[in-house]
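The structure appears below as structure tokens.
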């Protein structure tokens, strides 16, 4: 009997068929997007300083954050208020700066920032960081940024706008200078302050069970009212102070130096009070770094995060009181008698703001969204090149309008 050791033809065919099908499946699958992006979730610890998130990830991470941008875009669209280069020129005035972004490079066309040059530099540094290294498209745009406490002409990018004032409907609200650095001893560089709070902040149970506020008087009635309604109250640590110099405590009275609190120190309290000043205050971003309860009166001035404030329900992240503060004491007492509710509001505040919407990554997303949305109503293509005037010594030549942002910034430091 002869036994054959030849391989089975049938078995070999099955193996080859399996391998062929496997290769085809792998090849076809490779043409489809990876499912990993769908599973991505924003994590402040890992992504909080990622300045190059894609537009899709920005939308996923920060839903509802672009309310002010969407509002301005809708107003311009609904009212057929597209923007010409003359409109941009008209928006330029004192305490403002005219800027072109051209092929990702920022140029300063005109500047009259007055005492606010550091504000302009900080805001533009934040914007520049958002567009450098970003892999998506960055349209060419030209705009005027108002760096005073409020807008002064239509169609400006500004730090705030007055709610309910039709003269401010055309204003685009931008992140303010504090998201880069506010160069005073009690605040400083934004990410450094965030780190200090994270390291130094006590637990909720170890926080001081009082409402804290420090600020100057004379620029808003609500601040005078705050001093009046909290005077002599056991639950209050509210004090007025006098700024000195360029917004710091150096050279101030000894009393002011003694009562001044660094922003990190304010996180030692369970309850923090926000008040507007001549316009918006600029302190919201700092108060929200604390795992504490933020109290605010009814607001007259908009900031970019206004639509994210929740004053009731399971996701409440702040406490709203009347503008005359007549119900402030009762609302503080309510949380003193119900510490679990206060802790829940504080944790929602930290979750929503410090760990999400007030991260540097969120500000980068906001800046790019602002640029992109503005480009939709811009009817002209920004011009970068112009002809220099001819002189006896030098012939006419092509040169850029204004100067590169980096050059302007270095000159500002000299």
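The values are calculated or read from the model by the stated rules, or taken from the named source; none is laboratory data. These numbers come from a predicted model, not from an experiment. Virtual Cβ from ideal backbone geometry, glycine too; neighbours counted across all protein chains shown.
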Pairing a residue in the stretch 118-136 that is surrounded by fewer than 17 Cβ atoms within 10 Å (Cβ to Cβ) with any residue that is part of a helix (DSSP H, G or I) and at pLDDT 95 or above, where Cβ atoms lie under 7 Å and the two sit 6 or more apart in sequence or on different chains, gives 136/55
Within the bounds of the stretch 253-262, is there any residue that is surrounded by fewer than 20 Cβ atoms within 10 Å (Cβ to Cβ), modelled with pLDDT of 95 or more and farther than 23 Å from residue 177 by Cβ?
no
Candidates 330, 375, 388, filtered to the one that is under 30 Å from residue 70 (Cβ atoms) and surrounded by fewer than 20 Cβ atoms within 10 Å (Cβ to Cβ)
375
Provide a single number: the residues in the stretch 194-208 that are assigned to a loop (DSSP other than H, G, I, E, B) and within 18 Å of residue 358 (Cβ to Cβ).
1
I need the helices (runs of 4 or more DSSP H) fully contained in the stretch 291-403, keeping only those with at least 3 residues that are over 30 Å from residue 110 (Cα atoms).
328-337, 339-349
Of all residues making up the stretch 48-58, the number that are surrounded by fewer than 17 Cβ atoms within 10 Å (Cβ to Cβ) and either assigned to a helix (DSSP H, G or I) or on the phi > 0 side of the Ramachandran plot (or both):
2
Looking only at the stretch 206-231, which residues are farther than 19 Å from residue 321 by Cβ and modelled with pLDDT of 95 or more?
206, 207, 208
Can you find a residue in the stretch 156-163 that is over 17 Å from the mean Cα position of the chain (by Cα), modelled with pLDDT of 95 or more, closer than 29 Å to residue 328 by Cβ and in the same structural domain as residue 119 (by TED's automatic domain parsing)?
yes
